[in-house]
Structure formats: structure tokens, C-alpha cells
Amino acid sequence: MYFFFFFLLFILQISRDIHSFPGFSPPLHHIPYSPSDPLSYAPPYPISPSNSITSIVCHTCRVRLNHYCVEFTSRLVCVNSLVQGEDWDGPMLVLCWLAVNSLEIVGECEGRDFEGQRIICFLVFMHFHVHRPEDLFLVEGFWRLWEYPAAPDSSVFLARACPIEKLPPPGPLFDTPVPGSPSLSPPPSSNLLTWLIPSVFANFISHCYLV
């Protein structure tokens, strides 16, 4: 009896260790989205090398090699933000938000490869890394929150791809690189609270819906 109990604990511990191993790939889950038709979006351009670029730290997800799990952002990210990983040679543009789970939201991003061809990647951000005022809309006098499809569980995105599996990083987005990108200047202090409240409110409502 006791031997069976300790054997069961041993098996459970091994299972936890395997799931935490960086090279472990969890079972594939249904991804409820795919690259969008570029004609379905009004072009957010013109964008230029003078636009502020948000630095991010991310790793490639094993579940899909065109997915990046974002661990850090230098500022809040929103639709039309330019974001760039530390080992990328150019930024990507956040087009839209696609799916959410209790901790994260998936954004579709557009960029270029080294040949200048359009590529699409998906970045997985923690909710507190993003600013989404467009999710709140007024309906018959009541504020509503836009509902997204359910994204896979966080453990799916946490599994890292092996170096030999990774896709080439995004290349330069602009034809004529300009050295030195200007740093982001924060919004005026008088508007700072107005800038942050919608995002905090949206995230709070989102959390309540998910719970």
C-alpha cells in the first residue's frame, strides 16, 4: 500500500519535471486563428524609421514556430505599435489582437524577411503589457468589452523551440535604415491617467469575464 503511494508520487514528480523541461513540447492544441487577409485591414501606414520602437524580450514557442512568447516590454504595446526583439534585425507592426486566455493575449504582427517579403508572426503578451482602449465600446449606455476567441493555455506558449527549429528572425522593415531610433517620450502628465485608465479598466473587465 505504502509502496504504491510513494511510487505514484514519484511518477507525478517525473511528470512535473518533464513539463518544465525547456525542450518539452506539450500536446498540440487547437489554435483558433490564422494569418489574416492583408486587404481586410486599412493600411496603418505611413510608418517610418522615426516611429518609436518598443523593445521586447521573447522566445520562440514550440507549439508554433511563428509564435513568440513575450517576457518583457520596454513600454505598453498597442495596435499599430512597432516592436522589436533583442535578436531581430528589424521591427514588426502589431496589426490586431486575436485571442486571449486568463493571463495572455495573442497579437498578429506584420514584418519583412531578409528578402523584403511580407511575413506574419504572432506575439503572446501578458495582459499587463498591452494597452487596448479599442476593446471598450458603448452599447445602449453601457460599456461592453470586446470578446475574443479563447487562446490555448499558457503552458502551450511557454514551451521553447530548440535552436535548430527556429525560423529566421524578422529582417529590416524599412528600405533605408536610419541609425538610432528616437526613444519614446511619455505622454504629458495631464494626460497620463487618461491614457492608462482605459487599458486598466479593459484588463479588469476581461479578468472578470474570464473568471
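At 0.36 nm per residue, minus the direct Cα-Cα distance, what do N80 and S36 gain on full extension? Give it in nm, one decimal, please.
Result: 14.3 nm gained on full extension.
Using the C-alpha atoms of segment 39-114, what convex hull volume per residue, in cubic angstrom, is computed?
121 Å³
Provide the net charge surrounding H30, with neighbours chosen by a C-beta distance below 15 Å and charges set as Lys +1, Arg +1, Asp -1, Glu -1.
0
How much of the accessible area of segment 80-181, probe 1.4 Å, is carbon plus sulfur, in whole percent?
Roughly 58 percent of what the probe reaches on segment 80-181 is carbon or sulfur.
Find the accessible area per residue for segment 71-180; the probe is 1.4 Å, ligands and nucleic acids are left out, and the unit is Å².
51 Å²
If you add up the charges near P168, with Lys and Arg at +1 and Asp and Glu at -1, over every other residue whose beta carbon is less than 13 angstrom from its beta carbon, what do you get?
Once all neighbours under 13 Å are counted, the net charge is -3.
Highest first, please rank the peptides 97-108, 55-66 by the mean number of other Cβ atoms sitting within 10 Å of their residues.
97-108, 55-66
Expected output is a single nm value to one decimal: the length gained when fully extending between F72 and E140, i.e. 0.36 nm times separation in residues minus the C-alpha distance. What is it?
Between F72 and E140, full extension yields an extra 20.7 nm.
The values are calculated or read from the model by the stated rules, or taken from the named source; none is laboratory data. Here the structure is a predicted model, which is why all the values come from computation and not from measurement. Every residue, glycine among them, receives a Cβ derived from its backbone with ideal geometry; neighbour counts consider all protein chains shown. When the accessible area is computed, the model is the full protein with side chains, heavy atoms only, and any ligands, DNA or RNA have been set aside. Shrake-Rupley method; radii C 1.70, N 1.55, O 1.52, S 1.80 Å.
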